[in-house]
Amino acid sequence: MPAYPPGTEPPGTEPRSPWAAPEDGEPGDTPPARRTARRWRLRLGIAVGVAAVIGGAVLAAPYLGADPAALPDGYKVLRSAGAGFQVAVPDDWQLSTSESGTAAGTVFRPEQGRDSLLQVLPVSGGPDNPCEVLIESTKELSTRDGYRRISLEAKDTTGCELVYEIPDGDGGTAYAIGRLIVASGGSRWVLMGFGPAADTTAVRARMAAALGSFRPG
């Protein structure tokens with residue numbers, strides 16, 4: 001069964017999720033400047049509209065297990081030459097092929113269940129200030145009922161972390177961590193983790209493993 005964003009069902013069965021990104025396309029009379037801005041609007045976490053240039057992840061190669069130097073128990077590293085990075089996810093998680101690619105980047109979910117995910121996207125363009133990238137990226141999301149920003153904090157002089165909560169569409173609350181990082185070669189990436197707000201410790205643990213294992217190339 002294909003994976004769908006938390007709080008949604010396959011197309012045609014329910015209204016659009018409150019996590020869904022803005023629809024593509026603008027009215028025909030949209031000013032040229034605005035149309036240009038839309039070209040570097042992206043989907044982050046399958047859930048939020050993000051205004052930074054993210055190169056689409058082309059899944060040209062299958063994901064294969066890799067042996068990291070240090071990895072928490074219960075985790076594995078997945079890598080792909082096509083998407084251009086490797087990252088650790090829990091043993092029972094897998095690539096969500098139905099959600100990955102183009103502006104969505106690369107999405108991983110549990111083999112069973114759809115209340116959690118990890119999304120990885122390369123960033124090219126957008127504001128130089130990493131926190132401004134995350135702020136601009138969540139402007140539309142932050143206007144929705146139930147959205148609550150928990151923190152916004154610069155990290156490691158070149159990165160930033162945004163933490164927030166939002167209704168998950170199933171009557172619960174989702175906890176989200178968005179982290180913009182700069183890799184050793186200078187490339188910028190956003191890692192986005194979601195999970196139930198009732199289990200923030202698990203969301204944090206998964207993000208820590210992902211950040212500690214992430215390598216571009």
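Label positions at residue 97 and residue 150, each projected 7 Å from the Cα along the C-beta direction, are separated by 3.4 nm.
Quick one: if you stick a label point 7 Å off each Cα along the C-beta vector at residue 112 and residue 183, how many nm between them? Each label point lies 7 Å from its Cα, and together they span 3.4 nm. Between residue 82 and 60, 61, the built amide H atoms are under 5 Å apart, and every one of these is 5 or more places off in sequence or on another chain. Here's the picture: a label point sits 7 Å out from the Cα of residue 73 along the beta-carbon direction, and within the range 90-114 the residues with their amide nitrogen under 16 Å of it are 90-92. A full extension of the chain between residue 170 and residue 124 corresponds to an added length of 13.2 nm, given 0.36 nm per residue minus the alpha carbon distance.
Amide hydrogen proximity for residue 76: with H placed 1.01 Å from N in the peptide plane, the residues at 5 or more positions away or on another chain lying under 5 Å are 89, 91.
None of the figures in this text is laboratory data; all of them are computed from the coordinates on show. Remember, predicted model here, so these are calculated numbers, not experimental data. A quick note on method: Cβ atoms are made from the backbone with ideal geometry, for glycine too, and the neighbour counts reach across all protein chains shown.
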